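Engineer: Before I ask anything, let me first share the structure, which is written out below as structure tokens.
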Amino acid sequence: MPKPPVPLDCLLDLKTIQSGFNARKAYWCAEAANLAYASRETTRASVEAWQFNEHWVFDEVEDAQGFLAVAKDKKVAVLAFRGTEKKLEDWKADAKFKLMRSEGVEGSTHEGITLALQKVYDGLVKELGDRLAP
């Protein structure tokens, strides 16, 4: 059985341009999804080990938490959200499962997740702009 990638591989793996499924990229996406539940300190340490130096943890909104990490060269960014936790607000968001139309989005999206994203969207756009600016 192959060994999992080491933290120093993360940035290199995510920079690789390849169409189709890539198991190593999937691995790092799963790691980021798991890390979205970690403490600020653990998130900081992990994204630094991945060679990302810009990171922002957002957890001020009860039903929309996660983190944004930007590589030192600003060519790769990772945005990860927490999923459902054992919190009433998360279950309320999940229960709003009808599809809704969103401005600027083609098609429909899950109402609860869309409403949660809207609560942090402006902050995410600002952070991405600040962290990706030359």
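Engineer: With every protein chain present, what is the per residue accessible area of the chain (1.4 Å probe, Å²)?
Structural biologist: On the way: 8780 Å² over 134 residues.
Here the residues of the chain average 66 Å² of exposed surface.
Engineer: Moving on. How far apart, in nanometres, would the label points at LYS86 and ASN53 be if each is projected 7 angstrom from Cα along the Cα-to-Cβ direction?
Structural biologist: According to this spin-label approximation, the distance is 4.0 nm.
Engineer: For Cα pairs less than 8 Å apart in space and 6+ apart in sequence, what is the mean separation divided by the residue count of the chain, i.e. the relative contact order in percent?
Structural biologist: 18
Engineer: Then there's this: For the chain: lysine pairs with Cα atoms under 14 Å, gap of 8 or more or different chains, count?
Structural biologist: Counting lysine pairs in the chain gives 4.
Engineer: Sticking with this one: What size of dipole, in debye to the nearest 20, comes out for the chain about its Cα centre when the only charges are +1 on Lys and Arg C-beta atoms and -1 on Asp and Glu C-beta atoms?
Structural biologist: Details: 19 positive and 21 negative charges, 73 e Å.
Here the size comes out at about 340 debye.
Engineer: Could you work out how far the C-alpha centroid of the range 93-133 sits from that of the range 1-57, in angstrom?
Structural biologist: 23
Engineer: What is the packing order of peptides 15-26, 107-118, taking the mean over residues of other C-beta atoms within 10 Å and listing the highest first?
Structural biologist: Numbers: 15-26: 9.8, 107-118: 16.0.
So the peptides 15-26, 107-118, ranked by packing, come out 107-118, 15-26.
Engineer: Over all directions, what mean area does the Cα convex hull of the chain project, stated in square nanometres?
Structural biologist: One quarter of the hull surface, i.e. the mean projection, equals 9.9 nm².
Engineer: If you take the charge dipole of the chain about its Cα centre, with +1 on Lys and Arg Cβ and -1 on Asp and Glu Cβ, which of GLN65, PHE21, ALA116 is farthest toward its positive end?
Structural biologist: Projecting each Cα onto the dipole axis, the largest value belongs to PHE21.
Engineer: For ALA30 and ASP73 in the same chain, what is the full-extension length gain: residue separation times 0.36 nm, less their Cα-Cα distance, in nm?
Structural biologist: 13.2 nm
Engineer: Hey, can you rank 50-59, 123-132 by average C-beta count inside 10 Å, highest first?
Structural biologist: 50-59, 123-132
The values are calculated or read from the model by the stated rules, or taken from the named source; none is laboratory data. Bear in mind that the values here come from a model prediction, so they are computed numbers and not experimental data. Please note: Cβ atoms are built from the backbone with ideal geometry, for glycine as well, and neighbour counts cover all protein chains shown. Side chains included, ligands, DNA and RNA excluded: accessible areas come from the protein's heavy atoms. Shrake-Rupley method; radii C 1.70, N 1.55, O 1.52, S 1.80 Å.
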